[in-house]
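J.: Pasting in a structure now, in C-alpha coordinates, and then I'll have a few things to ask.
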Amino acid sequence: MAPGATRRAGRRFRGTSPPGAWARSAEDWWWDRLAPSGSGAARVCRRWREAASQPTLWHTVTLSPPLAGRPPKGGAKAEKNLLASLAWFIPNRFSQLQRLTLTHWKSQVQPVLKLVSESCPRLTFLKLSSCHGVTPDTLVMLAKACPQLHSLDLQHSMVESTAVVSFLEEVGPRMRKLWLTYSSQTTAILGTLLGSCCPQLQVLEVSTGISRNSTPLQLPVEALQKGCPQLQVLRLLNLMWLPKPSGRVVTPGPGFPSLEELCLASSTCNFVSNETLGRLLHGSPNLRLLDLRGCARITPAVLHDLPCQELEQLHLGLYGTSDRLTLSKEGSPLLTWKWCHTLRELDLSGQGFIEKDLEQALAAFSGTPGGSHSALCSLNLRGTRVTPSTVSSVVSSCPGLLYLNLESCRCLPRGLKRAYRGQNEVQWCLEQLLTSLPCPS
(Lines give C-alpha, C1' and ligand atoms only; values in the text may rest on other atoms or scores of the structure.)
Protein backbone atom coordinates (compact mmCIF):
# COMPACT_ATOMS: atom_id res chain seq x y z
CA MET A 1 0.00 0.00 0.00
CA ALA A 2 1.54 3.27 -1.11
CA PRO A 3 1.45 6.65 0.70
CA GLY A 4 -0.67 8.04 -2.13
CA ALA A 5 -3.25 5.31 -1.64
CA THR A 6 -3.39 6.08 2.08
CA ARG A 7 -3.88 9.76 1.34
CA ARG A 8 -6.82 9.06 -0.96
CA ALA A 9 -8.36 6.72 1.60
CA GLY A 10 -7.90 9.36 4.30
CA ARG A 11 -9.88 11.86 2.24
CA ARG A 12 -12.66 9.34 1.81
CA PHE A 13 -12.91 8.56 5.52
CA ARG A 14 -13.22 12.05 6.96
CA GLY A 15 -11.96 12.71 10.43
CA THR A 16 -9.46 9.85 10.43
CA SER A 17 -6.32 12.04 10.20
CA PRO A 18 -5.02 14.63 12.66
CA PRO A 19 -4.90 18.28 11.55
CA GLY A 20 -1.75 19.30 9.72
CA ALA A 21 -0.75 15.72 8.80
CA TRP A 22 -0.54 16.53 5.09
CA ALA A 23 1.85 19.44 5.68
CA ARG A 24 4.53 17.12 7.02
CA SER A 25 6.98 15.17 4.93
CA ALA A 26 5.63 12.05 3.27
CA GLU A 27 8.24 9.88 4.98
CA ASP A 28 7.45 11.13 8.51
CA TRP A 29 3.71 10.94 7.87
CA TRP A 30 3.86 7.42 6.47
CA TRP A 31 5.93 6.06 9.32
CA ASP A 32 3.70 7.70 11.92
CA ARG A 33 0.69 6.01 10.37
CA LEU A 34 2.43 2.65 10.72
CA ALA A 35 4.10 3.17 14.09
CA PRO A 36 2.52 1.33 17.03
CA SER A 37 1.94 4.60 18.92
CA GLY A 38 -0.37 5.82 16.12
CA SER A 39 -2.22 2.51 15.67
CA GLY A 40 -0.79 2.37 12.16
CA ALA A 41 -3.09 2.06 9.18
CA ALA A 42 -5.92 1.37 11.62
CA ARG A 43 -6.63 5.10 11.48
CA VAL A 44 -8.14 4.64 8.01
CA CYS A 45 -10.70 1.93 8.63
CA ARG A 46 -11.21 -1.46 10.25
CA ARG A 47 -10.11 -3.42 7.18
CA TRP A 48 -6.90 -1.45 6.87
CA ARG A 49 -6.24 -2.16 10.53
CA GLU A 50 -6.64 -5.87 9.92
CA ALA A 51 -4.40 -5.75 6.84
CA ALA A 52 -1.65 -3.80 8.59
CA SER A 53 -1.62 -6.26 11.47
CA GLN A 54 -0.85 -9.23 9.21
CA PRO A 55 2.87 -10.19 9.15
CA THR A 56 2.48 -11.40 5.55
CA LEU A 57 2.21 -7.74 4.49
CA TRP A 58 5.72 -7.01 5.70
CA HIS A 59 7.96 -9.12 3.45
CA THR A 60 9.99 -6.19 1.99
CA VAL A 61 10.89 -3.24 4.22
CA THR A 62 13.16 -0.17 4.01
CA LEU A 63 13.97 1.59 7.29
CA SER A 64 15.50 5.05 7.39
CA PRO A 65 15.61 7.48 10.32
CA PRO A 66 13.21 10.42 9.82
CA LEU A 67 16.08 12.90 10.14
CA ALA A 68 18.49 11.08 7.82
CA GLY A 69 20.94 13.57 6.36
CA ARG A 70 20.53 16.04 9.24
CA PRO A 71 23.39 16.97 11.63
CA PRO A 72 24.76 13.95 13.58
CA LYS A 73 23.29 15.11 16.89
CA GLY A 74 19.72 15.35 15.60
CA GLY A 75 20.11 12.19 13.54
CA ALA A 76 21.23 10.14 16.55
CA LYS A 77 18.21 11.30 18.58
CA ALA A 78 15.86 10.39 15.74
CA GLU A 79 17.44 6.93 15.50
CA LYS A 80 16.88 6.31 19.22
CA ASN A 81 13.25 7.38 19.00
CA LEU A 82 12.65 5.15 16.00
CA LEU A 83 14.45 2.26 17.69
CA ALA A 84 11.99 2.44 20.59
CA SER A 85 9.11 1.91 18.16
CA LEU A 86 10.95 -0.85 16.33
CA ALA A 87 11.45 -2.74 19.59
CA TRP A 88 7.69 -3.40 19.50
CA PHE A 89 7.11 -3.32 15.77
CA ILE A 90 9.73 -5.83 14.59
CA PRO A 91 8.72 -8.74 16.87
CA ASN A 92 5.01 -8.16 16.18
CA ARG A 93 5.05 -7.51 12.42
CA PHE A 94 8.27 -8.76 10.81
CA SER A 95 8.07 -12.52 11.39
CA GLN A 96 7.63 -13.03 7.60
CA LEU A 97 10.23 -10.45 6.57
CA GLN A 98 12.38 -11.53 3.60
CA ARG A 99 14.12 -8.38 2.32
CA LEU A 100 15.41 -5.61 4.59
CA THR A 101 17.15 -2.36 3.65
CA LEU A 102 18.66 -0.01 6.22
CA THR A 103 19.74 3.41 4.95
CA HIS A 104 21.58 6.24 6.73
CA TRP A 105 21.81 4.56 10.14
CA LYS A 106 24.84 6.05 11.91
CA SER A 107 24.71 4.82 15.49
CA GLN A 108 21.87 2.36 16.11
CA VAL A 109 22.29 -0.12 13.27
CA GLN A 110 23.61 -2.80 15.66
CA PRO A 111 20.49 -2.82 17.93
CA VAL A 112 18.24 -2.90 14.86
CA LEU A 113 20.06 -5.92 13.42
CA LYS A 114 19.86 -7.60 16.81
CA LEU A 115 16.09 -7.17 16.79
CA VAL A 116 15.96 -8.55 13.26
CA SER A 117 18.04 -11.59 14.17
CA GLU A 118 15.66 -12.37 17.04
CA SER A 119 12.42 -11.97 15.07
CA CYS A 120 13.04 -12.51 11.33
CA PRO A 121 14.02 -16.14 10.66
CA ARG A 122 12.95 -15.94 6.99
CA LEU A 123 15.26 -13.08 6.03
CA THR A 124 16.98 -13.74 2.69
CA PHE A 125 18.36 -10.31 1.67
CA LEU A 126 20.03 -7.56 3.70
CA LYS A 127 21.15 -4.19 2.35
CA LEU A 128 23.08 -1.65 4.41
CA SER A 129 23.38 1.66 2.57
CA SER A 130 25.36 4.53 4.14
CA CYS A 131 25.40 2.75 7.50
CA HIS A 132 28.09 2.81 10.19
CA GLY A 133 28.98 0.77 13.25
CA VAL A 134 28.46 -2.78 11.99
CA THR A 135 30.49 -5.22 14.08
CA PRO A 136 31.58 -8.79 13.24
CA ASP A 137 29.50 -10.19 16.10
CA THR A 138 26.36 -8.55 14.73
CA LEU A 139 26.68 -9.98 11.22
CA VAL A 140 27.63 -13.44 12.48
CA MET A 141 24.68 -13.41 14.88
CA LEU A 142 22.39 -12.48 11.99
CA ALA A 143 23.81 -15.24 9.78
CA LYS A 144 23.23 -17.85 12.49
CA ALA A 145 19.71 -16.67 13.33
CA CYS A 146 18.56 -16.39 9.70
CA PRO A 147 19.26 -19.74 7.98
CA GLN A 148 17.82 -18.51 4.67
CA LEU A 149 19.94 -15.35 4.44
CA HIS A 150 21.94 -15.59 1.19
CA SER A 151 22.36 -12.03 -0.16
CA LEU A 152 24.29 -9.10 1.32
CA ASP A 153 24.60 -5.57 -0.11
CA LEU A 154 27.14 -3.35 1.66
CA GLN A 155 27.63 -0.69 -0.99
CA HIS A 156 28.45 2.78 0.42
CA SER A 157 28.57 1.52 4.01
CA MET A 158 31.50 1.53 6.42
CA VAL A 159 31.89 -2.11 7.43
CA GLU A 160 35.19 -3.62 8.54
CA SER A 161 36.54 -6.44 6.42
CA THR A 162 36.71 -8.72 9.48
CA ALA A 163 32.93 -8.39 9.85
CA VAL A 164 32.30 -9.32 6.21
CA VAL A 165 34.80 -12.18 6.28
CA SER A 166 33.23 -13.61 9.44
CA PHE A 167 29.79 -13.34 7.87
CA LEU A 168 30.88 -15.11 4.66
CA GLU A 169 32.56 -17.89 6.62
CA GLU A 170 29.38 -18.43 8.64
CA VAL A 171 27.02 -18.33 5.66
CA GLY A 172 29.33 -20.42 3.51
CA PRO A 173 27.78 -22.49 0.69
CA ARG A 174 24.37 -20.84 0.92
CA MET A 175 25.77 -17.41 -0.06
CA ARG A 176 24.37 -16.33 -3.45
CA LYS A 177 24.80 -12.55 -3.96
CA LEU A 178 27.32 -9.99 -2.70
CA TRP A 179 27.64 -6.26 -3.44
CA LEU A 180 30.68 -4.27 -2.24
CA THR A 181 32.13 -0.77 -2.53
CA TYR A 182 35.87 -0.91 -3.20
CA SER A 183 38.19 0.14 -0.39
CA SER A 184 41.54 -0.90 1.04
CA GLN A 185 39.76 -3.78 2.78
CA THR A 186 38.25 -5.30 -0.35
CA THR A 187 41.28 -7.49 -0.95
CA ALA A 188 40.72 -9.35 2.33
CA ILE A 189 37.08 -10.01 1.44
CA LEU A 190 37.94 -11.26 -2.03
CA GLY A 191 40.59 -13.48 -0.47
CA THR A 192 37.82 -15.29 1.40
CA LEU A 193 35.95 -15.90 -1.86
CA LEU A 194 39.09 -17.15 -3.56
CA GLY A 195 39.40 -19.77 -0.85
CA SER A 196 36.16 -21.44 -1.96
CA CYS A 197 34.31 -20.17 1.09
CA CYS A 198 31.20 -19.43 -1.03
CA PRO A 199 31.24 -21.94 -3.91
CA GLN A 200 27.60 -21.23 -4.81
CA LEU A 201 28.02 -17.47 -5.22
CA GLN A 202 26.07 -16.27 -8.29
CA VAL A 203 26.37 -12.46 -8.21
CA LEU A 204 29.46 -10.43 -7.34
CA GLU A 205 29.57 -6.66 -7.79
CA VAL A 206 32.39 -4.35 -6.74
CA SER A 207 32.00 -0.66 -7.52
CA THR A 208 33.84 2.49 -6.58
CA GLY A 209 32.54 4.95 -4.02
CA ILE A 210 32.39 8.74 -4.12
CA SER A 211 36.00 8.99 -2.95
CA ARG A 212 38.02 7.05 -5.49
CA ASN A 213 40.88 4.83 -4.44
CA SER A 214 43.99 5.47 -6.51
CA THR A 215 45.43 2.00 -5.81
CA PRO A 216 44.28 -0.49 -8.47
CA LEU A 217 42.70 -3.72 -7.33
CA GLN A 218 44.69 -6.77 -8.39
CA LEU A 219 42.20 -9.49 -9.27
CA PRO A 220 43.41 -13.12 -9.47
CA VAL A 221 41.16 -14.13 -12.36
CA GLU A 222 41.92 -17.84 -12.37
CA ALA A 223 41.64 -18.11 -8.57
CA LEU A 224 38.24 -16.42 -8.66
CA GLN A 225 37.09 -18.88 -11.31
CA LYS A 226 38.07 -21.76 -9.06
CA GLY A 227 36.60 -20.22 -5.90
CA CYS A 228 33.28 -19.15 -7.46
CA PRO A 229 32.55 -21.66 -10.25
CA GLN A 230 28.79 -20.91 -10.24
CA LEU A 231 29.14 -17.18 -10.83
CA GLN A 232 26.45 -15.85 -13.18
CA VAL A 233 26.95 -12.07 -12.83
CA LEU A 234 30.30 -10.29 -12.41
CA ARG A 235 30.38 -6.50 -12.24
CA LEU A 236 33.52 -4.39 -11.70
CA LEU A 237 32.01 -0.94 -12.14
CA ASN A 238 34.03 2.25 -12.58
CA LEU A 239 36.86 0.49 -10.83
CA MET A 240 40.61 0.69 -11.34
CA TRP A 241 41.70 -2.93 -11.45
CA LEU A 242 44.30 -5.18 -13.00
CA PRO A 243 44.35 -8.93 -13.47
CA LYS A 244 46.95 -10.48 -11.23
CA PRO A 245 49.86 -11.73 -13.34
CA SER A 246 49.50 -15.42 -14.06
CA GLY A 247 53.25 -16.08 -13.94
CA ARG A 248 55.71 -17.14 -16.60
CA VAL A 249 53.67 -20.14 -17.66
CA VAL A 250 50.13 -19.07 -18.55
CA THR A 251 47.77 -21.76 -17.29
CA PRO A 252 44.17 -21.15 -18.38
CA GLY A 253 41.68 -21.21 -15.56
CA PRO A 254 38.44 -23.19 -15.55
CA GLY A 255 36.53 -20.12 -16.73
CA PHE A 256 33.04 -19.11 -15.64
CA PRO A 257 30.82 -21.71 -17.36
CA SER A 258 27.61 -20.25 -15.89
CA LEU A 259 28.42 -16.57 -16.47
CA GLU A 260 25.57 -14.64 -18.13
CA GLU A 261 26.58 -11.03 -17.44
CA LEU A 262 29.97 -9.32 -17.37
CA CYS A 263 30.18 -5.57 -16.71
CA LEU A 264 33.56 -3.83 -16.76
CA ALA A 265 32.26 -0.33 -17.51
CA SER A 266 34.46 2.53 -16.38
CA SER A 267 34.82 6.25 -16.98
CA THR A 268 38.40 6.32 -15.66
CA CYS A 269 41.63 4.91 -17.05
CA ASN A 270 40.80 1.35 -18.04
CA PHE A 271 43.46 -1.33 -18.36
CA VAL A 272 41.22 -4.11 -19.66
CA SER A 273 43.03 -5.69 -22.59
CA ASN A 274 42.33 -8.42 -25.11
CA GLU A 275 44.36 -10.83 -23.01
CA THR A 276 42.41 -9.97 -19.86
CA LEU A 277 39.06 -10.42 -21.56
CA GLY A 278 40.18 -13.77 -22.94
CA ARG A 279 41.18 -14.96 -19.48
CA LEU A 280 37.78 -13.95 -18.11
CA LEU A 281 35.50 -15.31 -20.84
CA HIS A 282 37.24 -18.22 -22.55
CA GLY A 283 34.88 -20.65 -20.80
CA SER A 284 31.61 -18.68 -20.82
CA PRO A 285 29.36 -19.94 -23.64
CA ASN A 286 26.17 -18.71 -21.94
CA LEU A 287 27.04 -15.01 -21.81
CA ARG A 288 24.04 -12.76 -22.54
CA LEU A 289 25.23 -9.27 -21.52
CA LEU A 290 28.69 -7.81 -22.11
CA ASP A 291 29.33 -4.24 -20.94
CA LEU A 292 32.75 -2.92 -21.95
CA ARG A 293 32.04 0.81 -21.94
CA GLY A 294 35.30 2.70 -21.62
CA CYS A 295 37.42 -0.34 -22.52
CA ALA A 296 39.14 1.24 -25.52
CA ARG A 297 41.83 -1.43 -25.82
CA ILE A 298 39.42 -4.24 -26.77
CA THR A 299 39.39 -5.09 -30.48
CA PRO A 300 36.52 -6.60 -32.55
CA ALA A 301 38.60 -9.65 -33.48
CA VAL A 302 38.88 -10.73 -29.84
CA LEU A 303 35.15 -10.23 -29.28
CA HIS A 304 34.41 -12.32 -32.37
CA ASP A 305 36.45 -15.21 -30.95
CA LEU A 306 34.47 -15.39 -27.69
CA PRO A 307 32.63 -18.71 -27.22
CA CYS A 308 29.22 -17.13 -26.56
CA GLN A 309 26.85 -17.44 -29.52
CA GLU A 310 23.68 -15.80 -28.22
CA LEU A 311 24.74 -12.41 -26.87
CA GLU A 312 21.74 -10.10 -26.31
CA GLN A 313 23.35 -6.88 -25.06
CA LEU A 314 26.70 -5.49 -26.22
CA HIS A 315 27.90 -2.14 -24.87
CA LEU A 316 31.15 -0.82 -26.35
CA GLY A 317 30.55 2.91 -25.91
CA LEU A 318 33.56 5.15 -25.27
CA TYR A 319 32.80 8.17 -23.11
CA GLY A 320 35.50 10.75 -22.42
CA THR A 321 38.41 8.51 -23.42
CA SER A 322 41.81 9.98 -24.20
CA ASP A 323 42.38 11.29 -27.71
CA ARG A 324 45.82 9.66 -27.65
CA LEU A 325 44.29 6.18 -27.85
CA THR A 326 44.24 4.57 -31.28
CA LEU A 327 40.76 3.22 -31.97
CA SER A 328 39.90 0.44 -34.38
CA LYS A 329 38.67 1.77 -37.72
CA GLU A 330 37.54 -1.57 -39.10
CA GLY A 331 36.07 -4.78 -37.72
CA SER A 332 32.55 -3.85 -36.57
CA PRO A 333 30.96 -6.42 -38.98
CA LEU A 334 32.69 -9.16 -36.99
CA LEU A 335 30.41 -8.26 -34.09
CA THR A 336 27.06 -7.70 -35.73
CA TRP A 337 27.14 -10.63 -38.15
CA LYS A 338 27.96 -13.00 -35.31
CA TRP A 339 25.15 -11.87 -32.98
CA CYS A 340 22.61 -10.20 -35.30
CA HIS A 341 20.04 -12.93 -34.62
CA THR A 342 20.06 -12.35 -30.84
CA LEU A 343 21.22 -8.75 -30.20
CA ARG A 344 18.59 -6.55 -28.58
CA GLU A 345 20.86 -3.70 -27.47
CA LEU A 346 23.99 -2.42 -29.24
CA ASP A 347 26.12 0.52 -28.14
CA LEU A 348 28.95 1.67 -30.45
CA SER A 349 29.06 5.30 -29.31
CA GLY A 350 32.43 7.02 -29.68
CA GLN A 351 33.98 4.20 -31.71
CA GLY A 352 36.19 5.12 -34.66
CA PHE A 353 34.85 2.76 -37.32
CA ILE A 354 34.81 4.29 -40.81
CA GLU A 355 31.61 4.82 -42.82
CA LYS A 356 31.92 1.75 -45.04
CA ASP A 357 32.70 -0.50 -42.08
CA LEU A 358 29.60 0.67 -40.19
CA GLU A 359 27.49 0.21 -43.29
CA GLN A 360 28.57 -3.42 -43.59
CA ALA A 361 28.07 -3.98 -39.87
CA LEU A 362 24.53 -2.61 -39.64
CA ALA A 363 23.53 -4.40 -42.83
CA ALA A 364 23.57 -7.58 -40.75
CA PHE A 365 20.24 -6.60 -39.18
CA SER A 366 18.50 -6.64 -42.55
CA GLY A 367 19.72 -10.17 -43.28
CA THR A 368 18.66 -12.08 -40.17
CA PRO A 369 18.34 -15.88 -40.57
CA GLY A 370 15.06 -17.11 -42.06
CA GLY A 371 14.10 -13.63 -43.18
CA SER A 372 12.71 -12.83 -39.71
CA HIS A 373 12.76 -9.32 -38.28
CA SER A 374 15.71 -8.29 -36.16
CA ALA A 375 15.28 -8.32 -32.38
CA LEU A 376 17.21 -5.05 -32.04
CA CYS A 377 15.35 -2.54 -29.85
CA SER A 378 18.16 -0.17 -28.74
CA LEU A 379 20.96 1.25 -30.91
CA ASN A 380 23.47 3.86 -29.75
CA LEU A 381 25.59 5.36 -32.55
CA ARG A 382 26.49 8.58 -30.77
CA GLY A 383 29.65 10.23 -32.14
CA THR A 384 30.20 7.67 -34.93
CA ARG A 385 30.60 8.18 -38.68
CA VAL A 386 27.33 6.54 -39.58
CA THR A 387 25.70 7.89 -42.78
CA PRO A 388 22.03 8.74 -43.49
CA SER A 389 21.61 5.79 -45.86
CA THR A 390 23.00 3.37 -43.27
CA VAL A 391 20.73 4.68 -40.52
CA SER A 392 17.62 4.60 -42.70
CA SER A 393 18.42 1.03 -43.76
CA VAL A 394 18.83 -0.30 -40.23
CA VAL A 395 15.72 1.51 -38.95
CA SER A 396 13.67 0.09 -41.82
CA SER A 397 14.90 -3.42 -41.00
CA CYS A 398 14.23 -3.17 -37.25
CA PRO A 399 10.53 -2.43 -36.64
CA GLY A 400 10.97 -3.02 -32.91
CA LEU A 401 13.59 -0.27 -32.49
CA LEU A 402 12.59 1.88 -29.52
CA TYR A 403 15.79 3.83 -28.84
CA LEU A 404 18.16 5.41 -31.36
CA ASN A 405 20.98 7.79 -30.41
CA LEU A 406 22.45 9.86 -33.26
CA GLU A 407 23.98 12.67 -31.22
CA SER A 408 27.22 14.17 -32.60
CA CYS A 409 27.13 12.01 -35.75
CA ARG A 410 29.16 14.18 -38.13
CA CYS A 411 27.81 12.65 -41.35
CA LEU A 412 24.12 13.29 -40.60
CA PRO A 413 22.09 16.40 -41.50
CA ARG A 414 21.64 19.10 -38.90
CA GLY A 415 18.49 18.76 -36.86
CA LEU A 416 18.64 14.98 -36.79
CA LYS A 417 21.62 14.60 -34.48
CA ARG A 418 19.78 13.71 -31.31
CA ALA A 419 18.39 10.78 -29.35
CA TYR A 420 15.04 9.26 -30.34
CA ARG A 421 12.89 7.46 -27.79
CA GLY A 422 9.82 5.47 -28.64
CA GLN A 423 8.60 4.01 -31.90
CA ASN A 424 6.96 7.23 -33.06
CA GLU A 425 10.14 9.30 -32.73
CA VAL A 426 12.25 6.63 -34.41
CA GLN A 427 9.83 6.44 -37.35
CA TRP A 428 9.83 10.24 -37.63
CA CYS A 429 13.61 10.13 -37.86
CA LEU A 430 13.34 7.56 -40.64
CA GLU A 431 10.95 9.78 -42.60
CA GLN A 432 13.29 12.76 -42.30
CA LEU A 433 16.29 10.70 -43.39
CA LEU A 434 14.48 9.32 -46.42
CA THR A 435 13.53 12.87 -47.39
CA SER A 436 17.12 14.07 -47.12
CA LEU A 437 18.57 11.25 -49.24
CA PRO A 438 19.25 12.10 -52.90
CA CYS A 439 16.79 10.62 -55.39
CA PRO A 440 18.26 7.73 -57.43
CA SER A 441 19.03 8.77 -61.00
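J.: Compare Y182, Y403, Y319 by solvent-accessible area with a 1.4 Å probe and give them largest first, with all protein chains kept in place.
T.: Y319, Y403, Y182
J.: What pairs from K127/K226; K106/K177; K106/K127; K226/K338; K244/K338 go past 21 Å between their alpha carbons?
T.: As for pairs spanning more than 21 Å Cα to Cα, those are K127/K226; K106/K177; K226/K338; K244/K338.
J.: While we're here: Which number do you get for Rg(Cα) / (2.2 N^0.38 Å) in the stretch 148-211?
T.: Relative to the rule-of-thumb radius for its length, the stretch 148-211 sits at 1.02.
J.: Further question on the same structure: Using 0.36 nm per residue of separation minus the Cα-Cα distance, give me the extension gain between Q218 and T251 in nm, one decimal.
T.: 10.1 nm
J.: Rounded to the nearest 10 Å², what accessible area does M158 have for a 1.4 Å probe in the complete protein model?
T.: Spelled out: M158, probe radius 1.4 Å, area about 130 Å².
J.: Along the charge dipole of the stretch 94-223, Cβ charges K/R +1 and D/E -1, which of A223, V109, F167 sits furthest on the positive end?
T.: So the residue we want is V109.
J.: How much accessible surface does H282 have with a 1.4 Å probe, in Å² rounded to 10?
T.: The accessible area of H282 comes to roughly 80 Å².
J.: Using 0.36 nm per residue of separation minus the Cα-Cα distance, give me the extension gain between A84 and T62 in nm, one decimal.
T.: So the extension gain works out to 6.2 nm.
J.: Binned at 10 Å from 0, what are the whole-percent values of the Cα-Cα distance distribution for the stretch 287-345, short to long?
T.: 22, 55, 21, 2
J.: Now a separate question. Against the empirical 2.2 N^0.38 Å scaling, what ratio does the C-alpha Rg of the stretch 279-430 come to?
T.: Output field value: 0.99.
J.: If you take the charge dipole of the stretch 264-343 about its Cα centre, with +1 on Lys and Arg Cβ and -1 on Asp and Glu Cβ, which of F271, W339, H304 is farthest toward its positive end?
T.: The listed residue farthest towards the positive side: F271.
J.: In addition: Starting from the 7 Å offset along Cα-to-Cβ, what nm value, one decimal, do you get for the label separation of R122 and T103?
T.: A separation of 2.5 nm, rounded to one decimal place.
J.: A further question follows. Given q = 0.21 Å⁻¹, what are the Debye log10 I(q)/I(0) values for the stretch 166-244, with equal point scatterers placed on the Cα positions and solvent ignored?
T.: Calculated log10 I(q)/I(0) at the listed q: -0.95.
J.: What is the dipole size for the stretch 137-267, taken about its Cα centre, with +1 at each Lys and Arg Cβ and -1 at each Asp and Glu Cβ, in debye to the nearest 20?
T.: Dipole magnitude for the stretch 137-267 comes out near 240 debye.
J.: Let me check against my output: what whole-number percent is the relative contact order of the stretch 261-351, with C-alpha pairs under 8 Å and at least 6 apart?
T.: Over the stretch 261-351, the number comes to 31 percent.
J.: Applying 1/(1 + (r/R0)^6) with R0 = 60 Å to the Cβ-Cβ distance of R288 and R47, what FRET efficiency is obtained, to the nearest 0.05?
T.: Using R0 = 60 Å, I get an efficiency of 0.85.
J.: Okay, moving on. Hey, what's the stretch 136-269 come to in accessible area per residue, 1.4 Å probe, Å²?
T.: Per-residue value: 43 Å².
J.: With every protein chain left in place, what is the accessible area of T215 in Å² (1.4 Å probe, nearest 10)?
T.: 80
The values are calculated or read from the model by the stated rules, or taken from the named source; none is laboratory data. Please read these numbers as outputs of a predicted model, since none were measured by experiment. Neighbour counts run over all protein chains shown; Cβ positions are idealised from the backbone, glycine included. Remember, those area values only see protein heavy atoms, side chains included, never the ligands or the DNA or RNA. Shrake-Rupley method; radii C 1.70, N 1.55, O 1.52, S 1.80 Å.
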